Amino acid sequence: MENVDDELKNILRDTSKLSSIIENSFDGIVITDKEGVIRYVNKAWEKMTGWTREEVIGKVTPRILKSGEKSQEFYENLWKTITSGGVARAEIQDKRKDGALYDTDEIIMPVKGGAGEIVGYAGFQRDITDRKKIDRMKTEFISVASHQLRTPMTTIRLFVELLSSEDFGELNKDQKEHVGEIYKATKRMIALLNDLLDVSRADSGKLKINRESVDVEELVQSILEETKLITKSKHCGIHFDVPGQKLPNTYTDPHLLRQIFRNLLDNAVNYSNVDLCRISLKLGTEDGFIKVGITDSGIGISDSDKERIFTRFFRAENAVRISPDGTGLGLHVVKNIAELLGGRVWFESELGKGSTFYFTIPISVE
Ligand code: ADP
């Protein structure tokens, strides 16, 4: 313990040698010991949080800044990541000394001693309050606009359905064809509005979690049953790699979980080539989490697109070519839901060869 503390002291001494760079950084920087107790903060951190270094040295970081926006589970996962040597990155709403809330983009990582052992943690905070404010206004606009548009669109769909069922009189061949096109376009429009509503709910934190005990394997079987029609149209084979051992039930939200599976499976189908559509779904457990992997042999994602895949409205060029109707919203929602449920989502992909999207959700009991 003493050694660890000495190592941290050395690092803090070295830090002070770099003081002008660290002190004058635009990002707030905080260094803590292994227990999360603050040992150093720079000027930007003092300015951002309203606390002076005299007031905070010796205190625990999250306790000072916690705004209550993130769940206990979120902080536990973050702690798990950094204590096991990983780097955590998250957008967090923190609380200033005066109680005002501010948004930050934070990177938290372990500080390692000479032998590679963890001696403390460093946090870098960037104030993104202004950007978040604009984001919230955009989200609010999307929510109001899609709500308002959905009602007249639903009415249009209803009347088009009546027209095509020929309740108002027989249609000739051309009329039937045109009404059919209007019907398809209307359905696409309603699907888009529903996607936009999902995004605005996810972005504004209005997604409600209704937890119950879920048998994930059973849920997957029912989703695969549901997706049969879509997969059939592309001659897709979905191989479900059933876990060797019965998975434990987990206390989570089955509707949100279903949304993750549906989005990832839809993508695997949409971004596969007809007649070459081989998808596999693997279910297992890892470190207290249920881990899912969905692999396709489709168009893949180029290295230059990888960074933007979870960004709202982003669609890669090869994806637009093979499936022009997408919205670029599904994965953004998937990421939000997975994180809301206490898990995460990531992928591996090679252009032209295929992709695997993974996600985890914690195994928890009631
Ligand atoms: P959409 O599918 O409506 O475009 P998503 O948010 O689900 O929206 O996906 C965003 C983008 O990520 C897609 O447009 C595509 O470029 C890429 N993508 C997602 N899943 C895959 C996949 N399985 N294979 C290749 N590209 C994918």
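Every number in this text was worked out from the coordinates using simple rules, so none of it is lab data. Every value quoted in this text rests on a predicted model; they were computed, and no experiment measured them. Here the Cβ positions follow ideal geometry from the backbone for every residue, glycine too, while neighbour counts run over all protein chains shown.
Below are the figures for this structure:
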{"item": "Phi to ³J(HN,Hα) by Karplus 6.51 cos²θ - 1.76 cosθ + 1.60 over segment 83-95, Hz, x for Gly, Pro", "result": "5, 8, x, x, 10, 9, 10, 7, 8, 10, 8, 10, 10"}
{"item": "Per-residue [θ]222 nm for the chain (sum of -39500 (n - 2.57) over DSSP H runs n ≥ 4, rounded to 500)", "result": "-14500 deg cm²/dmol"}
{"item": "Met137-Ser222 FRET efficiency (beta carbon distance; Förster radius 35 Å; 0.05 resolution)", "result": "0.35"}
{"item": "Normalised alpha carbon radius of gyration of segment 1-140 [divisor 2.2 N^0.38 Å]", "result": "1.06"}
{"item": "Fully extended contour minus Cα-Cα distance, from Ile57 to Glu317, at 0.36 nm per residue", "result": "88.6 nm"}
{"item": "Virtual spin-label span in nm between Asp266 and Ala191, 7 Å along Cα→Cβ", "result": "0.6"}
{"item": "GNM flexibility winner over the chain from Gln259, Gln175, Gln93 (Cα, springs under 10 Å)", "result": "Gln175"}
{"item": "Counting all C-alpha pairs of segment 132-204, share separated by more than 17 Å (%)", "result": "52"}
{"item": "Equivalent ellipsoid dimensions for the chain as semi-axes, Å, which come from the Cα gyration tensor, largest first", "result": "46, 25, 19"}
{"item": "Gaussian network model of the chain, springs between alpha carbon atoms under 10 Å - residue of Val333, Val320, Val345 with greatest fluctuation", "result": "Val320"}
{"item": "Segment 108-196 - percent relative contact order, Cα under 8 Å, separation 6 or more", "result": "24"}
{"item": "Restricting segment 168-216 to trypsin sites (Lys or Arg not before Pro) in coil, as DSSP defines it, with at most 13 other Cβ within 10 Å", "result": "Lys206, Lys208"}
{"item": "In segment 212-362, lysine pairs closer than 17 Å at Cα, eight or more apart or cross-chain", "result": "6"}
{"item": "The chain, relative contact order in percent, only Cα pairs under 8 angstrom and at least six apart counted", "result": "11"}
{"item": "Within straight-line cross-link reach of Lys208, aspartates and glutamates at Cα separation under 12 Å, skipping those fewer than 8 residues along the same chain", "result": "Asp198, Asp253"}
{"item": "Partners for Lys95 among lysines (Cα-Cα distance below 21 Å; same-chain residues under 8 apart left out)", "result": "Lys43, Lys47, Lys59, Lys66, Lys70, Lys132, Lys133, Lys206"}
{"item": "Built amide H within the under 5 Å cut-off of Tyr40, gap 5+", "result": "Ile31"}
{"item": "Virtual paramagnetic centre 7 Å along Cα→Cβ of Leu276, amide N under 17 Å, in segment 224-253", "result": "234-237"}
{"item": "Spin-label proximity, Lys291 to segment 83-99 - amide N less than 17 Å from point 7 Å beyond Cα toward beta carbon", "result": "84-87"}
{"item": "Loop GluC sites (Glu not before Pro), segment 162-245 (other Cβ atoms within 10 Å of the site Cβ: 13 or fewer; DSSP)", "result": "Glu166, Glu170"}
